[in-house]
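Before any comments, here is the structure.
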Amino acid sequence: MEAPMRSISLLAVLAVAALSACTVPQPYRPVTPPPESMPPTQPGSQTQTQPAQQPPPIEESQPLPPPVVREPVLSAASRALVNQAQTQLVAKNFAVAAASIERALRIEPDNALLWIELGKVRQAEGNYVQAENMGRKALSMAASAPRAQSAAWSLIADAYRARGKNNEARDAQMRAEALNGR
Amino acid sequence: MPTFKATFRKYRRQFWVGLALSCGVGLITLLGWLIYLDRIVTQQFEGRRWTLPAQVYAEPLELYVGQSFSADALEQELRRLGYHRVDAAGGPGSYRRRGTRIDFVNRQFQFWDALQESQALSVIARGNAIESLQSAGGEDVPIFRLDPLLIGSIFPIHGEDRVVVTPEQMPQFLPAALKVVEDRKFDTHHGVNFTAILRAAWVNMRAGQIEQGGSTLTQQLVKSYFLDNRRTLGRKIEEAFMAMLLEVHFEKTDLLNAYVNEIYLGQDGRRAVHGFGLASQFYFGKPLDELQLHEVALLVAIVRGPSYYDPRRHPDRARVRRDLVLKLMGEFKIVDPKTAAQAAAKPLGIVGTGTSGGGYYPAFLDLVRRTLRRDYREEDLTEAGLRIFSTLNPLVQNRAENALEQELARLEKARKTKKAQKLEGVVVVTAPQNGEVIAMVGGRDVGFDGFNRALDAKRSIGSLVKPAIYLAAIESGRYNATSIIDDSEVEVKLADGKLWRPHNYTEEATGPVPLVRALSQSLNLASVRLGLDVGLPNVTKELKSLGLENEPPQNPSVLLGSVDVSPLEVAQLYTAFANGGFSTPLRAVRAVVDTSGKPLKSFALEVTPVADPTAVYQVNRMLVQVMERGTGRAARANLPSGLVVAGKSGTSSDYRDSWFAGFSGSHQAVVWIGYDDNSPTGLTGSSGSLAVWSRLMGSIATTSFSSPLPEGLQDVSIEFMTGFAASPECGEEVISIAVPQGVQLPVKPGCETGTLQSVGERAKEWLQGIIR
């Protein structure tokens, strides 16, 4: 857990520098004064400098930079457990498949992909309400991951469809496809 | 005068008939009595074979690369499981350690979802993390599950507890040792050994006291079946007959197996330890088949008198008798005399009682029992040999118990006046993402199986209620974290016409403050105003949605937490915050399996959306500020630097209850301190429970609370005290908070950079990537 946090702080500090006199609010951290350093090299981001004392119009007229994408990945341990779960799912051993995914969730509770996998088990079991709920839970933790969001919406669409809610299913499916297009 | 002889000759026939009749009657009575005894003893024998208490296991330790575990910590966990250190490669239940590398052989274990075979593994743990996990062949193992700790049983009302062992699980010299010490003629006698009885009687008479027992193993088995200890001659004769009857019906091996599983070997509070299987766990913390010679000999020694030879209270006596047993085993060639002598040189090897090696967790087990009573009858739980896989984490439980005990002791020492009664406390630790209860402390006396405050002490929650008010406010759309509310005198007319005038703990009114400050500093006046504006019904409805069992009544005092809730329920309530608006029912059991290993029930993980995730996110960011700047900031001293946590303190009226509920990325803990009789303690949530909470969280491996910024929100920097938009170079006590996009903020006078808000917009997108 240490290394990612360190690189996150480094990136944040560099971000502060790039916007020179402006401060970039960092979540949960006391804001540090900008050091003199290089602008970040994140692909797809634009850096702009603003004159410090000039108040520009509040409405944003500039286009937003394309968002930085951080798709969740499964750790080796989670991957082994998910593979196991998929085998167990094929054998219709739902409770055991779910148990394998729950083991992975204990290690990585914030991984949207695992919630989607567990949702798929619920879907296969016929527990459509839980399948949808898990899809929504996955969505809530996949803010910067369009592909994961897309998979979550697909799951939600399946859960709606299985309950005969075809309008909602169609909407969810469209969202899934739109996100996948990016 | 007729002579006796003449009379006899005259009535000779009647005499013999009478004699024959009385003999006949006597014989029939005897037969009847024997049949009666036979029925009792065989019923007991057959019946007892099947009464097995349910065994409860803790959550198994999983090992994987990257896990936060030092080599020392791993070794400690292996020892908790009763693994012993060896120098050369050993069998199941052994490990070797060379610096950062630990090689171990796990015990085979039938989990409810899979069988884990016994195999050899190598772990290298450098610093605080597992670097590599490999099988004997050098293959990387992605994840490995160790056999779980047996934490207790659900035993019947009469308090007997046992772990049944099959003949294969017995050390091969155990039966022989028992025979040579207790009953040398076991294989040949028919239940009663008369010469032994006579010899014992002779020895005891000469010594003037009871020195030898003349009972065979079979007689001891019979005696064990009947719980009263009447040592009358009549009872002894009954037992003798029953022993003989048993021998008629059953094979010697069956009788010996029954003996090994039945004989009383110790007392653990309310729980009577029966059988060598449980005794092995109770005294040595490991399964019977892993015991070494000197350990088996000790158990055999204890048979003669578990109280008298209690190795914990009378280690010298126990040692002397154990060495005698070893000597006999050597003499009778059960083992080589030299081996016996070596074993006699070894120390007793008993593990301490309490939390090391098979501890006893009454509050948690109580929760397990209550959970299962919904689906199982008492007889199923205590007799059917169920195996229950629980969610307890023994390490965290240990830390929770220590944190509570130490802090309560410290608080009492610091008090000027000595109170007659002692402060009590509760700790409930959960993994909020899956709702598992991983530790529970029901009272200050952690091993005492009495009033389980965690489940049954419904106490006023005080300020713990506030996050629900603020959540309702944000969900209404009319408030955000920077909205200004007035912390000033407020009067509420109650239903009965009386006026309610709440006040702050500081007795002062702070005036206009931003929402985040009102929550962080737990300002009562502002919170009451907010709650009234949002509407009391919305607040109570919010509490019910979040997971409170009963919607509170429409009393304004509810806004200051005048509602009685148990600590477990508080934990359930806060789970919705820790899970970003999703609730999951708290559970203590994962699965139940029958004696043959067939899964009977598994408790599936369920989630339900209970509040708008975007609103909950905003409240959670404020709860982080509680820990950064508010009433929870004293926790920082005990926490690893950089660890992000969120929480809320709670103090009920007149300082009767001190609460703290808070969460990190992987754990949530609720702590309560108070007096059982509800008298004021003088402690606030910050001055009492917070210290227990932070001590606990600081002592377990936990991760930062982190959640991605939802769509539609932006990060802004404001002054904590005033709510003005600011920046670190220009502003006092600048904090970062989340508000909906498009929110206009007044800028602190003199700091008009103006770029702050639009910059915030652009930065939001950027940061979304960085946060993860």
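How many residues, within the range B:629-665, are of a type in the set (S, T, N, Q), crowded, with 22+ Cβ neighbours inside 10 Å and farther than 23 Å from B:Gly443 by Cβ?
2
Taking the range B:647-658 as the region of interest, how many residues are assigned to a strand (DSSP E or B) and either aliphatic (A, V, I, L, M) or over 25 Å from B:Ser707 (Cα atoms) (or both)?
Adding up the residues that qualify gives 3.
Tally the residues that are in a strand (DSSP E or B), touching an Asp or Glu at 6+ places or on another chain (Cβ under 9 Å) and surrounded by fewer than 18 Cβ atoms within 10 Å (Cβ to Cβ), restricting the search to the range B:98-115.
Within the range B:98-115, residues that are in a strand (DSSP E or B), touching an Asp or Glu at 6+ places or on another chain (Cβ under 9 Å) and surrounded by fewer than 18 Cβ atoms within 10 Å (Cβ to Cβ) number 1.
Filter the helices (runs of 4 or more DSSP H) completely within the range B:159-234 down to those with at least 1 residues that are modelled with pLDDT under 80.
B:194-207, B:217-225
For B:Val593, all conditions in the list (1) farther than 30 Å from A:Asn93 by Cα; (2) within 14 Å of another protein chain (Cβ to nearest Cβ); (3) among the hydrophobic types (A, V, I, L, M, F, W, C) hold save one; what is the number of the exception?
With respect to (1) farther than 30 Å from A:Asn93 by Cα; (2) within 14 Å of another protein chain (Cβ to nearest Cβ); (3) among the hydrophobic types (A, V, I, L, M, F, W, C), B:Val593 is out only on (1).
So that you can scan it fast, the table gives a plain yes or no per residue for (1) over 28 Å from B:Lys601 (Cβ atoms); (2) in contact with a Lys or Arg (Cβ under 8 Å, 6 or more places away or on another chain):
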residue	(1), (2)
B:Leu386	no, no
B:Ser390	no, yes
B:Leu404	yes, yes
B:Glu407	yes, yes
B:Val437	no, yes
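Within the range B:695-703, does at least one residue satisfy the condition of being more than 7 Å from chain A (Cβ to nearest Cβ) and farther than 30 Å from B:Ala129 by Cβ?
No.
Determine whether B:Asp316 is out of contact with any helix residue (DSSP H, G or I) (no Cβ under 9 Å at 6 or more places or on another chain) and at pLDDT 90 or above.
yes
Going through the range B:102-151 one residue at a time, which ones are within 30 Å of B:Leu365 (Cβ to Cβ) and among the charged types (D, E, K, R)?
Answer for the range B:102-151, where residues must be within 30 Å of B:Leu365 (Cβ to Cβ) and among the charged types (D, E, K, R): B:Arg107, B:Asp113, B:Glu117, B:Arg145, B:Asp147.
Can you find, within the range B:428-445, the residue that is surrounded by the fewest Cβ atoms within 10 Å (Cβ to Cβ) among those that are of a type in the set (A, V, I, L, M) and out of contact with any Pro (no Cβ under 8 Å at 6 or more places or on another chain)?
My answer is B:Val437.
Which condition breaks for A:Asn93 when tested against (1) buried (at least 22 other Cβ atoms within 10 Å of the Cβ); (2) within 9 Å of another protein chain (Cβ to nearest Cβ)?
Exception for A:Asn93: condition (1).
Scan the helices (runs of 4 or more DSSP H) fully inside the range B:474-583 and keep the ones with 1 or more residues being basic (Lys, Arg) and surrounded by 18 or more Cβ atoms within 10 Å (Cβ to Cβ).
Filter on the range B:474-583 gives B:515-520, B:524-534.
Return a yes/no flag: does the range A:112-126 have any residue that is in a loop (DSSP other than H, G, I, E, B) and either touching a strand residue (DSSP E or B) at 6+ places or on another chain (Cβ under 6 Å) or facing chain B (nearest Cβ under 10 Å) (or both).
There is no residue in the range A:112-126 that is in a loop (DSSP other than H, G, I, E, B) and either touching a strand residue (DSSP E or B) at 6+ places or on another chain (Cβ under 6 Å) or facing chain B (nearest Cβ under 10 Å) (or both).
Go through B:Val616, B:Val624, B:Val644 for me and flag whichever is part of a loop (DSSP other than H, G, I, E, B) and either within 29 Å of the chain's Cα centre (by Cα) or in the same structural domain as B:Glu542 (by TED's automatic domain parsing) (or both).
B:Val644 is the lone residue from the list that is part of a loop (DSSP other than H, G, I, E, B) and either within 29 Å of the chain's Cα centre (by Cα) or in the same structural domain as B:Glu542 (by TED's automatic domain parsing) (or both).
From B:Val296, B:Val248, B:Val325, grab the single residue that is β-branched (Val, Ile, Thr) and more than 15 Å from B:Glu182 (Cβ to Cβ).
Exactly one residue qualifies, and that residue is B:Val248.
Can you run down the residue pairs with Cβ atoms below 7 Å, 6 or more apart or on separate chains, where the first is in the range B:130-156 and assigned to a loop (DSSP other than H, G, I, E, B) and the partner is among the small types (Gly, Ala, Ser)?
B:Ala136/B:Ala120; B:Val141/B:Ser135; B:Pro142/A:Ala76; B:Pro142/A:Ala77; B:Pro142/A:Ala80; B:Pro148/B:Ala58; B:Leu149/B:Ala58; B:Leu149/B:Gly358
Looking only at the range B:387-396, filter to residues that are modelled with pLDDT under 95 and assigned to a helix (DSSP H, G or I); which one of those is surrounded by the fewest Cβ atoms within 10 Å (Cβ to Cβ)?
Restricting to residues being modelled with pLDDT under 95 and assigned to a helix (DSSP H, G or I), the top hit is B:Leu395.
Suppose we filter the range B:723-736 for residues that are part of a strand (DSSP E or B) and either crowded, with 23+ Cβ neighbours inside 10 Å or facing chain A (nearest Cβ under 8 Å) (or both); how many remain?
5
Give the range B:410-452 a look and list any residue that's under 13 Å from the mean Cα position of the chain (by Cα), assigned to a strand (DSSP E or B) and not aliphatic (A, V, I, L, M), or say none.
B:Thr430, B:Glu436
Going through the range A:130-157 one residue at a time, which ones are more than 14 Å from chain B (Cβ to nearest Cβ) and crowded, with 22+ Cβ neighbours inside 10 Å?
Within the range A:130-157, A:Ala151, A:Ala157 qualify.
Can we say B:Glu46 is at pLDDT 90 or above and surrounded by 11 or more Cβ atoms within 10 Å (Cβ to Cβ)?
no
Between B:Thr382, B:Thr339, which is β-branched (Val, Ile, Thr), outside the structural domain of B:Glu77 (by TED's automatic domain parsing) and more than 30 Å from B:Arg587 (Cα to Cα)?
So the residue among B:Thr382, B:Thr339 that is β-branched (Val, Ile, Thr), outside the structural domain of B:Glu77 (by TED's automatic domain parsing) and more than 30 Å from B:Arg587 (Cα to Cα) is B:Thr339.
Cβ-Cβ below 9 Å, separation at least six or inter-chain, first residue in the range B:710-722 and farther than 19 Å from B:Gln744 by Cβ and at the interface with chain A (Cβ under 7 Å from one of its Cβ atoms), second assigned to a loop (DSSP other than H, G, I, E, B) and among the polar types (S, T, N, Q): which pairs?
The qualifying pairs are B:Glu711/B:Gln741.
With B:Val692, B:Val671, B:Val624 as the choices, which residue is at pLDDT 95 or above and within 14 Å of another protein chain (Cβ to nearest Cβ)?
Residue meeting the stated conditions: B:Val624.
The values are calculated or read from the model by the stated rules, or taken from the named source; none is laboratory data. Fair warning: this is a prediction, and the values are worked out from it, not measured in the lab. A quick note on method: Cβ atoms are made from the backbone with ideal geometry, for glycine too, and the neighbour counts reach across all protein chains shown.
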